[in-house]
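A.B. asks: One structure is given below, represented as structure tokens, and several questions about it will come after.
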Amino acid sequence: MNPITSFLVFVLVAAAVAVGYTESLLLVIVLLAVAALVAASLKMANVWQKFVILRMGKLQSVKGAGLFVIIPVLDTVVAVIDGRIQTTAFNAEQALTRDTVPVNVDAIIFWHVHDAEKAALAITNYREAIDRVAQTSLREMIGSSMLAALLSDRKEADEQLKTDIGQKTAPWGISVSSVEIRDVAIPEALQNAMSRQAQAEREKQARVILGSAEAAIAGKFVEAAEVYAGHPWALQLRAMNIIYETTKERGATILMPSSMVDSLNPTAATLAFALAANDPLANNRAALNVDAPVTRGVPAGAATVG
């Protein structure tokens with residue numbers, strides 16, 4: 001009973017009680033009868049409610065928000081339909097995918113009644129029917145989908161479920177707003193296998209990247225070697241810089257190969273060759289010294305001591 005009807009009934013009953021002390025019993029009976037009639041005939045629907053009314057077994061009307069009156073005994077309110085958006089959770093346990101993998105899927109559906117007459121008269125219990133239809137559609141969707149697609153394409157699966165469930169519930173006056181898959185659970189053994197597969201794929205990708213990096217580094221080393229080949233002094237400066245960098249740490253012990261020591265301490269022949277390459281006069285002197293006769297085992301033009 002709505003608040004307005006309750007208030008009117010209370011006033012009539014109070015008036016009957018008050019009149020009973022002073023007036024006749026007939027007036028009291030009349031007031032109580034009116035109170036009963038108001039309670040049975042005056043109805044009120046909230047803004048989200050729809051009242052489906054039958055008169056002698058036939059559809060009389062569907063009343064919306066506000067106050068309305070029905071005829072007692074002749075009219076019957078058979079259903080009060082809530083027009084707000086409703087939610088229904090449903091799941092499918094141990095459903096086999098197209099590639100025969102058992103999965104447990106949890107989902108939720110958002111729906112509302114757009115036709116109160118059909119929801120009240122076309123089906124016995126539309127809430128229970130929605131739950132059954134949603135579970136059936138979910139199992140059909142899982143059976144026609146591969147596991148990889150089910151795990152990666154959630155939005156596509158949601159749209160497919162929305163379309164399938166909406167087509168089945170439309171004749172009942174129910175519209176499906178959206179369907180969302182909340183969780184897809186797979187067996188633990190399969191999870192471990194998929195984890196190992198993903199790890200192997202990442203390891204493969206890491207090795208490919210490392211190989212590409214090594215190839216790029218080798219190419220840069222080749223370019224550097226070509227530069228150092230034409231500039232021996234640059235190579236010696238680079239070697240000295242490497243030694244300096246390695247001696248920054250305190251207490252470090254450096255073992256240098258003899259070849260590196262030789263490269264840092266060029267011989268007189270190496271210096272003479274380098275100077276000869278840059279001095280034309282030195283080339284002439286070298287030619288004269290080569291052609292000069294050798295006396296007492298000492299080449300002509302060689303420096304002597306004492």
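The values are calculated or read from the model by the stated rules, or taken from the named source; none is laboratory data. Just so it is clear, the model here is predicted, and its values are computed rather than measured. All Cβ positions, even for glycine, are placed from backbone atoms using ideal geometry, and neighbour counts span all protein chains on display.
A.B. asks: Give Val179, Val184 a once-over and let me know the one that is in contact with a Ser or Thr (Cβ under 9 Å, 6 or more places away or on another chain) and of a type in the set (A, V, I, L, M, F, W, C).
C.D. replies: Val179
A.B. asks: For residues that are in a helix (DSSP H, G or I) and among the hydroxyl-bearing types (Ser, Thr, Tyr), scanning just the range 1-51, find the one that is surrounded by the most Cβ atoms within 10 Å (Cβ to Cβ).
C.D. replies: Thr5
A.B. asks: While we're here: Please return the ranges of helices (runs of 4 or more DSSP H) entirely within the range 113-223 where 1 or more residues are closer than 30 Å to Gln60 by Cβ and modelled with pLDDT of 90 or more.
C.D. replies: The qualifying helices (runs of 4 or more DSSP H) are 116-121, 126-143, 154-169.
A.B. asks: What number goes with the only condition from (1) of a type in the set (Ser, Thr, Tyr); (2) more than 30 Å from Leu121 (Cβ to Cβ); (3) touching a Gly at 6+ places or on another chain (Cβ under 9 Å) that Ser24 does not pass?
C.D. replies: Condition (3) is where Ser24 drops out.
A.B. asks: Still on this structure: Kindly indicate the residue of the range 143-184 that is surrounded by 15 or more Cβ atoms within 10 Å (Cβ to Cβ) and in contact with a Leu (Cβ under 7 Å, 6 or more places away or on another chain) and also farthest from Val113 (Cα to Cα) among those meeting that condition.
C.D. replies: Here the answer is Val184.
A.B. asks: Take Val78 and decide whether it is assigned to a strand (DSSP E or B) and either at negative phi or among the hydroxyl-bearing types (Ser, Thr, Tyr) (or both). Talk me through it step by step, then tell me what you get.
C.D. replies: Working: assigned to a strand (DSSP E or B): yes; either at negative phi or among the hydroxyl-bearing types (Ser, Thr, Tyr) (or both): yes.
Taking the combined requirement at face value, the residue satisfies it.
A.B. asks: Is the range 118-125 home to any residue that is without any contact (Cβ under 8 Å) to a residue 12 or more places away in the chain and under 29 Å from Leu190 (Cα atoms)?
C.D. replies: no
A.B. asks: Let me ask you something else. Go through the range 169-211 and report how many residues are over 26 Å from Pro102 (Cα atoms) and either outside the structural domain of Asp153 (by TED's automatic domain parsing) or of a type in the set (Gly, Ala, Ser) (or both).
C.D. replies: Taking the range 169-211 as the starting set, the residues that turn out to be over 26 Å from Pro102 (Cα atoms) are 169-177, 202-211.
Cutting the leftovers down to either outside the structural domain of Asp153 (by TED's automatic domain parsing) or of a type in the set (Gly, Ala, Ser) (or both) gives us 170, 173, 175, 177, 202-211.
Final tally of qualifying residues: 14.
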